[in-house]
1. Report, for the chain, the % of DSSP beta bridges that are antiparallel, rounded to 5.
2. Of GLY396, GLY208, GLY72, which is the most mobile in a GNM of the chain whose springs link Cα atoms less than 10 angstrom apart?
3. Given the C-alpha centroids of the stretch 122-141 and the stretch 335-396, what is the distance between them in whole angstrom?
4. From a point 7 Å beyond the Cα of LYS178 in the direction of its Cβ, which residues of the stretch 245-275 have a backbone N at a distance under 12 Å?
5. Just flag the trypsin sites (Lys or Arg not before Pro) in the stretch 218-301 sitting in loop per DSSP whose Cβ has no more than 10 other Cβ atoms within 10 Å.
6. Could you line up SER346, SER293 from fewest to most neighbouring Cβ atoms inside 10 Å?
7. Tell me, what is the FRET efficiency for THR49 and LYS285 to the nearest 0.05, using R0 = 60 angstrom and their Cβ-Cβ distance as r?
8. Residue-wise, which Karplus ³J(HN,Hα) couplings in Hz belong to the stretch 50-59, taking 6.51 cos²θ - 1.76 cosθ + 1.60, θ = phi - 60°, and x for glycine or proline?
Amino acid sequence: MHIQNDSATRTGATCRRRLKGGMALGLLLSLCSATPWSWAEETGVTDKTIRIGATIPLEGDFKVYGLSMKRGMDAALGDQTVQKRHIEFVALNDFYNPTEALKAATQLIEQGIFAMVNSFGSPTTKAVLPLLAENKVPAIGFYTGAAFTGPGDVLNFRASYASEVEAVVDAAIAAGMKPTEVCAYAQNDAYGMGGVQGFRAALAKQPGTESIVAKVDQILKMPGDNPERNNIGPVGVYPRDTVNARPGYLSLKKWETDTGNRCRLIATTAVYDPAATFMGYARLKGETWIFSSPSPAGGARLTTLLREYGILNQVIATQIVPAPDSSLPVVAEARKALGEDLNYESLESYIVGKLFLTILRAIDGPITRESFLKAARRQPYDIGGIRVDFTTDNQGSDFVMITYLRDGQFTVITPQELVALFK
């Protein structure tokens, strides 16, 4: 869809008529430049709109994410304009399925989009990035912490899953937990393995962990979409789109039996239902493990599911944005715009929407993908108290906040409280 070509044709026709009227070349060029940038617009950019797209789960088991993300983006973009153009955000359902995500992304590209902003999921992102690269469509602020660097132009807002897991494991070891007492449970795909990378990074800092790290490396290097990663090391896995906790649980128990090491902290990288099912199953088996969860399964829905299993504490969750009750300007703004719909997912999407607007408004001249990317990488940005910096790499934020489930509610935990928890 290239609306700009109609504009270019009209402008060219006007110029030719003026030329036929005998106007000098200098006057011709002056008049034709009276509508700047109108005959060389970028795909997705018209004289009235800037169209962007996203593939997110608006239906199915994962719609709790997609609906919150759409609310956040809609609230951020609203009636905002850049160079007198409104932002048109088109979100298509992908069910958190790579095949459906490819179909939806293809449809968005055929419709003509300037960029993909705030799409959802690691396996879906992995599937879509080659298509975006082929069509030179930038990927901005996707809801994935897999830390993709390409193919194509990728600007990540959120801290990586590896950073989230590493922060928790580092804190546990600093508080006195032995490296051999930390294990992992993960979704068996790019999302889960992103968390396992953080688990590995934390262990690799500690002396005497070489043999354990070698086992984790063996797990990480296995090819394919769903290889048999159980029963190798201190990691249990489950297939994406399932909640079957038993194989991963047995993998961890085998590790304990084979090595004599007792797991005390299980760093999970799962989504809501599988995470809660695993924690509930382990409690049913009498385990006293402390669990941690990264941001995709660290919100209100997890507390609701855990309550059904009688779990009201002993769970840590990391977040990559401030708490919804934070006094930061962007959070206060989101709270006013979203009301009861404010949660960690909608807040993150709101911030991504504001980031996109801020970079667009920093462009001095025509809005093109090239000028957008140059503006993004030119300087750090302050998004209502949140620093985002793409000047040295494609990772905008490394912010990680640790919360703890206390009496059925996640609250921010102090370093001193963490020490007491892990002792």
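Each reported figure results from applying straightforward, stated rules to the coordinates on display, with no laboratory input. What you see is a predicted model, and the numbers here were worked out from it, not measured in a lab. No Cβ is skipped: glycine too gets one built from the backbone with ideal geometry, and neighbour counts run over all protein chains shown.
1. Counting only bridges with both partners in the chain, antiparallel ones make up about 30 percent.
2. GLY208
3. Measuring centre to centre over Cα atoms gives 18 Å.
4. Under cut-off, by backbone N: 259-264.
5. Numbers: sites: LYS221, ARG229, ARG240, LYS253, LYS254, ARG262, ARG264, ARG283, LYS285, ARG301; in loops: LYS221, ARG229, ARG240, ARG262, ARG264, LYS285.
Answer by residue number: LYS221.
6. SER346, SER293
7. Once the sixth-power term is evaluated, E becomes 0.60.
8. For the stretch 50-59, the Karplus-derived couplings read 10, 9, 10, x, 7, 10, 9, x, 8, 9 Hz, x marking Gly and Pro.
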